[in-house]
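These notes are about the structure you will find just below.
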Amino acid sequence: MMWVLLIFVLLLPGALFWLAVMCIPSPDEPPRWRTALAARLEAMANHLRHRHPPVTDPFDALRVQERLGVVADHVRALERDPHLFARAERIIASQLAYDQLLAEACQMAGVEVLPSALGDPSERFREEVELTSRGWSW
């Protein structure tokens, strides 16, 4: 009986200390059961969360429309001036800036931006048509 009591007195504090140490995060990789439990809890939380569509600030949309108009006018001015130094490089840079603004406008309007090469005129035209059909003007 004395041996059982002695083992119980020695093992119980050790087991409690081991459980406390397991709750402290370590720099090593966490156990698989912990990552699996965290993934399942995250999936349940995502299921319970209410997803609200992002609301676009109308002033942000107005700012992007204004910048699109300014950059489009700049590209037209570059195309009209035949004596401009490094004209082609300036036109390409301005068109890439225009494409970035178009992508930002498409994100605000909910238009899908398809992956394409930089400066693809057909993708630029498609995005312009989609934005125009949704009421954007610049």
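Quick check, is LEU101 modelled with pLDDT under 90 and surrounded by 12 or more Cβ atoms within 10 Å (Cβ to Cβ)? For LEU101, the condition - modelled with pLDDT under 90 and surrounded by 12 or more Cβ atoms within 10 Å (Cβ to Cβ) - is not met.
Yes/no per residue for (1) of a type outside the set (Lys, Arg); (2) assigned to a helix (DSSP H, G or I); (3) farther than 22 Å from ALA109 by Cβ:
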position	(1), (2), (3)
GLY14	yes, yes, yes
GLU42	yes, yes, yes
ALA45	yes, yes, yes
HIS50	yes, no, yes
ASP60	yes, yes, no
GLU66	yes, yes, no
GLY69	yes, yes, no
ASP73	yes, yes, no
LEU78	yes, yes, yes
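Regarding the range 84-93, can at least one residue be identified that is in contact with a Gly (Cβ under 9 Å, 6 or more places away or on another chain) and either assigned to a loop (DSSP other than H, G, I, E, B) or under 24 Å from SER137 (Cβ atoms) (or both)? There is no residue in the range 84-93 that is in contact with a Gly (Cβ under 9 Å, 6 or more places away or on another chain) and either assigned to a loop (DSSP other than H, G, I, E, B) or under 24 Å from SER137 (Cβ atoms) (or both). Checked against the criterion of being surrounded by 10 or more Cβ atoms within 10 Å (Cβ to Cβ) and among the acidic types (Asp, Glu), the range 65-77 contains one or more residues that satisfy it.
Scanning the range 16-40 for residues that are assigned to a loop (DSSP other than H, G, I, E, B) and exposed (fewer than 10 other Cβ atoms within 10 Å of the Cβ) yields a count of 6.
The values are calculated or read from the model by the stated rules, or taken from the named source; none is laboratory data. Note that the coordinates shown come from a computational prediction; the quantities given were computed from them, not determined experimentally. Note that each Cβ is placed from the backbone with ideal geometry, even for glycine, and that neighbours are counted across all protein chains shown.
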